[in-house]
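Okay, structure first, notes after.
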Amino acid sequence: MVKWRRGATTAGLILLGTFVITAPFIMLAGANPFAAYGEFLVSPLTSRYSGLEVLVSSIPLILTGVSVALAFRAGYWNIGAEGQLLMGAVAGAGVGMLVSDQSRFLVLPIVILAGAAAGALWALVPALLRVKMGIDEVVTTLLLNPVALLIVTALLSGPWADPETGFPESERIAESAQFPILVPRSRLHLGFLVGLAIAGLVWFVLSRTVAGLQVRAVGSGPKAARFAGISVGRTLLTVALASGAIAGIAGASEVSGIQYRLTGGLSAGFGYTGIVVATLGALAMPTVVLAALLLADLNVGAGSAGRVLGVPSQLGDVIQATVLLVTVGVLAYRRYHHKVLKSEVEEAPGEGAVPEVEEVDTS
Amino acid sequence: MTAAGDSPATPVVELRSISKRFGDVLANEGVNLSLWGGEVHGVLGENGAGKTTLMRILYGLSIPDGGEIYVDGDLAHFASPKDAIGAGIGMVTQHFALVRPMTVTENIILGRTGGAILDLDRAKDLVEEAADRYGLHVEPDRRLSDLSVGEQQRVEILKALYRECRVLILDEPTAVLTPQEIRALFATLDRLRASGMAIVFISHKLPEVMELTDRVTVLRHGKVVHTVETDEVDAAGLASWMVGRPAAPPEPRTHSEPGATALEVSDLSAVGGLDLPALSDVNFEVAAGEILGVAGVSGNGQTELAEVLSGMRKPTAGSIIADGTQIAGKGPKQVIAAGVGRIPEDRHEALVGDMSVANNLILEHLDEAGKRLILDRDRIRANALDLIERFSIKAGPDDLVKTLSGGNIQKVLLARVLVREPRVIVVSQPTRGLDIGATAYVRNELLAMRRQGAAIVLMSEDLDELLELSDRLIVLYDGRIAGRVDAAEADRDQLGLLMAGHTEVA
Ligand SMILES: Nc1ncnc2c1ncn2[C@@H]1O[C@H](COP(=O)(O)OP(=O)(O)O)[C@@H](O)[C@H]1O
Ligand SMILES: [Mg+2]
């Protein structure tokens, strides 16, 4: 279908652009760009352990990617997944430290729900400001990200600091709050299934339910949606909270699946990378998951490329940042192009802006 | 200005086999057109026929893909309007290019280099002289933002005269004018013609072309169908050239006895975009089986009235009772539920361009779109196929609305609304931008709804449309009802006066 082909060309353009831009830097670092990309993208998939590591590092990206894509589909520009993720991590860790040896089947759902609730709560205020007062959510959601990080830091340097070492890390969460490992001798944890399930659920809601149709209508034509009697405000509010909740789950999942405690460095900017993932995935859930896997592959590859080729492993970050910039550039170009074309058509033929070449029978 | 006595052996301007393509659309194909001093040349064609494109090429706004332009018999190349202006060509575009905070005189000299002071004086002289010679009355020191549309158009013409044009192009100049202003424009054009100017008059309104022009060129799908002396044709002949076959006569409007009052609007007031009062104390009733036309020069409250009646704008006072339900201040959802069908002036504000025809057709009644919460895709599709068939929409259920032509977009909207058999219909500019075929279709659908007993409020800037469809008319001026007229007795002059703000006594 057209949408798929368009998505594929966009992704192709982005990858090609990224390669062209980063190749000189790789050469400066003394490596062959083709070999380097092979190392970045292919080598992680050649061993069992690193292959599973790709899946592990895709977990937060799938969740934040889906979170951001859902919001963007409704035309709600949630840039605050990072803060929502951190608050979800705080809540997940809080629950994990409270419980002791209750059953996992009881505790894990609570951990996930707590993460979701905290993420949604963090998303609530900007959503209300947008819906009730028309205040731009891009700014408010973004500004709340450092606030969330400050809260984490404050907790870790005071009440939640490790009582034994005094390090800025919380104490370990109870065993019952830890996600089970899915594959022996790996770090692949339950969060992966949670991520896939949520991506599937969001896909289903958007494409197969009445509510999803509403969300899509609000996203691609808010005026027409309002005209048709859809409550745009309520739709945006719901989507914003759901988006925050999913990002919050990403945080809880990092605590319960990887760190087993709250740490300051728990998120490597996953909330921001989620924007790249969502954009790269063209806001469609199946491709968002693929985009998350691709970036995860790149992350893992960057580590080993450093060792094998002797290039700085920060090249991985450079490439990821370039992907982001190129993605934004391609999309901005698309939008600009679209607008220019549209305005030309509008300006030129006056009221006949829409071509009228059909023959209509007058019976 | 060139004197009238120029040698008539060569046309002032000649276009030879001009072609221009936009993507898949051949907007102009092998177009020949010659303009002689002292003639008004009508260029007639349906929307999208390529009239504007051709004139933009002549004015240097657009570069043709093929063909030549000759001025006084010599080959010319227009890379920009500056070249065209240099060759004596002036154009009044469909949308004016005036600087609103500046005065009339300043606007006229704008874009001319040289001694500003001298120019200012000369411009003022010209404005006064033009008023005498051509009946182009405007006050030189007024600001553009204080002028009516008709006056702004006069400024555009003055601008062209100031640049000493010999060819004046007017692109659909009457679309924005009241009948009186149209008469004044025609008088001006008569005098300009007498002074030897070549005038291109673009329109898709036949009576105007018949009245004003000496020769007429009919365009269809970018090609010249015929160029003839206006005397040698009649309106029916021109119409059939425009559409490529004899135009369908409008369905005769049968007399129907209006039923009980279905829509009652009392003391309605509302504010517009800048919180300025847009409607004041508007009162009217519409009976079942009746069409009430709302006339007025655009910007006198029609848009706001349509929005208020559609639930898209909250009134500041007053009541609206539609089929027994109070809907004043209610949102779109309640208004739809009260049985009001709404067709707004901007179709793109009612349909989601990036969504399929099928989804748009169900959008106002999402409660019927699913079993429990899950979309019933078979039902949505069946509904779409049914409506596509009944309203002969040329599209598939999965086509995105934005890919449809204007006529088909309007049909999607009509289908969504009319299939519900609404008791009350609020419809604005239903045929704006549509070709003759689609226009006839839409008008006949509205008449059919009237026969079935719907109460219809019709806003339109097209006076002919209002007179053809309405039973009664109200005229809005400055947000108030300036007059009420029975359509059968309506007289264009009287309507024109009311539209210009004269009260009923006049
Ligand atoms: N800038 C443009 N880009 C794309 N299509 C255009 C442009 N200008 C005109 N067209 C198309 O060319 C055709 C002729 O348009 P136009 O000259 O405006 O017709 P008219 O003035 O007779 O209504 C239409 O199909 C219109 O959509
Ligand atoms: Mg035009």
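At a glance:
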{"read-out": "Qualifying position, being part of a helix (DSSP H, G or I) and modelled with pLDDT under 95, among B:483, B:437", "value": "B:437"}
{"read-out": "Any hit, segment A:157-175, residues being touching a strand residue (DSSP E or B) at 6+ places or on another chain (Cβ under 7 Å) and closer than 29 Å to residue A:52 by Cβ", "value": "yes"}
{"read-out": "Matching residues in segment B:196-224 - criterion: being of a type in the set (Lys, Arg) and more than 15 Å from ligand 2 (Cβ to nearest atom)", "value": "B:215, B:223"}
{"read-out": "Matching option when the condition is open to solvent by less than 10 Å² (accessible area, probe 1.4 Å), within 20 Å of the chain's Cα centre (by Cα) and closer than 19 Å to residue B:369 by Cα, among A:212, A:191", "value": "A:212"}
{"read-out": "So residue A:121, is it over 25 Å from residue A:275 (Cβ atoms) and open to solvent by 60 Å² or more (accessible area, probe 1.4 Å)", "value": "no"}
{"read-out": "Those residues of segment A:153-182 which are surrounded by fewer than 17 Cβ atoms within 10 Å (Cβ to Cβ) and outside any loop (DSSP other than H, G, I, E, B), in sequence order", "value": "A:153, A:154, A:157, A:175, A:181"}
{"read-out": "Qualifying positions in segment B:141-178 - within 16 Å of ligand 1 (Cβ to nearest atom), within 17 Å of the chain's Cα centre (by Cα) and either modelled with pLDDT of 80 or more or within 21 Å of residue B:124 (Cβ to Cβ) (or both)", "value": "B:170, B:171, B:172, B:173, B:174"}
{"read-out": "Looking only at segment A:229-259, and only at residues there that are within 14 Å of chain B (Cβ to nearest Cβ) and touching a Pro at 6+ places or on another chain (Cβ under 7 Å), the one that is nearest to residue A:110 (Cα to Cα)", "value": "A:232"}
{"read-out": "Among the residues listed as A:270, A:204, the single one being open to solvent by 10 Å² or more (accessible area, probe 1.4 Å) and within 13 Å of chain B (Cβ to nearest Cβ)", "value": "A:204"}
{"read-out": "Residue count for segment B:362-399, restricted to those that are open to solvent by 60 Å² or more (accessible area, probe 1.4 Å) and either touching a residue at least 40 places away in the same chain (Cβ under 8 Å) or assigned by TED's automatic domain parsing to the domain that holds residue B:441 (or both)", "value": "2"}
{"read-out": "Residue check, residue A:218 within 14 Å of chain B (Cβ to nearest Cβ), touching a Ser or Thr at 6+ places or on another chain (Cβ under 8 Å), of a type in the set (A, V, I, L, M) and buried (at least 24 other Cβ atoms within 10 Å of the Cβ)", "value": "yes"}
{"read-out": "Given (1) hydrophobic (A, V, I, L, M, F, W, C); (2) within 18 Å of residue B:348 (Cα to Cα); (3) over 16 Å from the mean Cα position of the chain (by Cα), number of the condition residue B:454 does not satisfy", "value": "(2)"}
{"read-out": "Leading residue by the ranking (nearest to ligand 1 (Cβ to nearest atom)) among those in segment B:209-235 that are in a helix (DSSP H, G or I) and not charged (D, E, K, R)", "value": "B:209"}
{"read-out": "Per-region count, segment B:353-376, residues at the interface with chain A (Cβ under 7 Å from one of its Cβ atoms) and under 19 Å from residue A:221 (Cβ atoms)", "value": "9"}
{"read-out": "Checklist (1) under 30 Å from residue B:488 (Cα atoms); (2) open to solvent by 30 Å² or more (accessible area, probe 1.4 Å); (3) within 13 Å of chain A (Cβ to nearest Cβ); (4) small (Gly, Ala, Ser) applied to residue B:299, failing item", "value": "(3)"}
{"read-out": "Given (1) within 28 Å of residue A:192 (Cα to Cα); (2) surrounded by 13 or more Cβ atoms within 10 Å (Cβ to Cβ); (3) out of contact with any strand residue (DSSP E or B) (no Cβ under 9 Å at 6 or more places or on another chain), number of the condition residue A:106 does not satisfy", "value": "(2)"}
{"read-out": "Any hit, segment B:42-58, residues being away from ligand 1 (no atom under 16 Å from the Cβ) and over 15 Å from residue B:14 (Cβ atoms)", "value": "no"}
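For (1) closer than 20 Å to residue B:211 by Cα; (2) of a type in the set (A, V, I, L, M, F, W, C); (3) assigned by TED's automatic domain parsing to the domain that holds residue B:429; (4) open to solvent by less than 50 Å² (accessible area, probe 1.4 Å), each residue gets a yes or a no:
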| residue | (1), (2), (3), (4) |
| --- | --- |
| B:131 | no, yes, no, yes |
| B:137 | no, no, no, no |
| B:145 | no, no, no, no |
| B:179 | yes, no, no, yes |
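Here is a yes/no grid of residues against (1) within 13 Å of chain A (Cβ to nearest Cβ); (2) surrounded by 24 or more Cβ atoms within 10 Å (Cβ to Cβ):
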site: B:412; (1), (2): yes, yes
site: B:418; (1), (2): no, no
site: B:432; (1), (2): yes, no
site: B:467; (1), (2): no, no
site: B:478; (1), (2): no, no
site: B:483; (1), (2): no, no
site: B:486; (1), (2): no, no
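Conditions (1) assigned to a loop (DSSP other than H, G, I, E, B); (2) at pLDDT 95 or above, marked per residue:
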{"site": "B:297", "(1), (2)": "yes, no"}
{"site": "B:305", "(1), (2)": "no, yes"}
{"site": "B:308", "(1), (2)": "no, yes"}
{"site": "B:329", "(1), (2)": "yes, no"}
{"site": "B:351", "(1), (2)": "yes, yes"}
{"site": "B:361", "(1), (2)": "no, yes"}
{"site": "B:367", "(1), (2)": "no, no"}
{"site": "B:378", "(1), (2)": "no, no"}
{"site": "B:384", "(1), (2)": "no, yes"}
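The values are calculated or read from the model by the stated rules, or taken from the named source; none is laboratory data. No experiment lies behind these values; they were computed from the predicted model shown. Please note: Cβ atoms are built from the backbone with ideal geometry, for glycine as well, and neighbour counts cover all protein chains shown. These accessible areas exclude ligands, DNA and RNA; they are computed on the full protein's heavy atoms, side chains included. Shrake-Rupley method; radii C 1.70, N 1.55, O 1.52, S 1.80 Å.
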